[in-house]
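Undergrad: First the structure, which I've put down as structure tokens, then a few questions once you've had a look.
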Amino acid sequence: MNLYRFEVTIKEEPIHVIIVADSDEQAFQLVDIELEKHYLKMPEVDDISLYEKKKIKNGAGFVLAEFETIL
């Protein structure tokens, strides 16, 4: 299992999505599913970028800082 941190750009605003998945393909699919669950109407997504990926062993995590973005 891996812990993924994605940066999704919607209307030029970065949004961070954290996903646990077995593969990269599954993780990208789960990003779409989580966005659909979060928004009442699915927004137009400008970009989805894999920002970080970590193997889950004895715990794993990410620190999300406001200034930290790839844009």
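Undergrad: Can you work out which of the residues in region 38-71 that are among the acidic types (Asp, Glu) and at pLDDT 75 or above is nearest to Ile18 (Cα to Cα)? Walk me through it before giving the result.
TA: If we filter region 38-71 for residues that are among the acidic types (Asp, Glu), which is where we start, we get 44, 46-47, 52, 66, 68.
Of the ones still in play, those that are also at pLDDT 75 or above are 44, 46-47, 52.
On the way: Glu44: 19, Asp46: 18, Asp47: 15, Glu52: 10 Å.
Ranking the candidates gives Glu52 first.
Undergrad: If Leu64 satisfies all but one of (1) touching a His at 6+ places or on another chain (Cβ under 6 Å); (2) surrounded by 15 or more Cβ atoms within 10 Å (Cβ to Cβ), what's the number of the condition it fails?
TA: Exception for Leu64: condition (2).
Undergrad: Could I ask something else about it? Which of the residues spanning region 34-61 are part of a loop (DSSP other than H, G, I, E, B) and either at positive phi or of a type in the set (A, V, I, L, M) (or both)? Full working, then the answer.
TA: Within region 34-61, the subset part of a loop (DSSP other than H, G, I, E, B) is 39-44, 56-61.
The answer is Leu40, Met42, Ile56, Gly59, Ala60.
Undergrad: Consider region 35-61. How many of its residues are surrounded by 10 or more Cβ atoms within 10 Å (Cβ to Cβ), out of contact with any Phe, Trp or Tyr (no Cβ under 9 Å at 6 or more places or on another chain) and of a type in the set (Asp, Glu)?
TA: 3
Undergrad: Pick from Val31, Val20, Val8: which is surrounded by 15 or more Cβ atoms within 10 Å (Cβ to Cβ) and part of a strand (DSSP E or B)?
TA: Details: Val31 fails: part of a strand (DSSP E or B); Val20 fails: surrounded by 15 or more Cβ atoms within 10 Å (Cβ to Cβ).
Going through Val31, Val20, Val8 in turn, just one is surrounded by 15 or more Cβ atoms within 10 Å (Cβ to Cβ) and part of a strand (DSSP E or B): Val8.
The values are calculated or read from the model by the stated rules, or taken from the named source; none is laboratory data. Quantities reported herein were computed from a predicted structural model and do not represent experimental measurements. Using ideal geometry, Cβ is built from the backbone for each residue, glycine included, and neighbour counts are taken over all protein chains shown.
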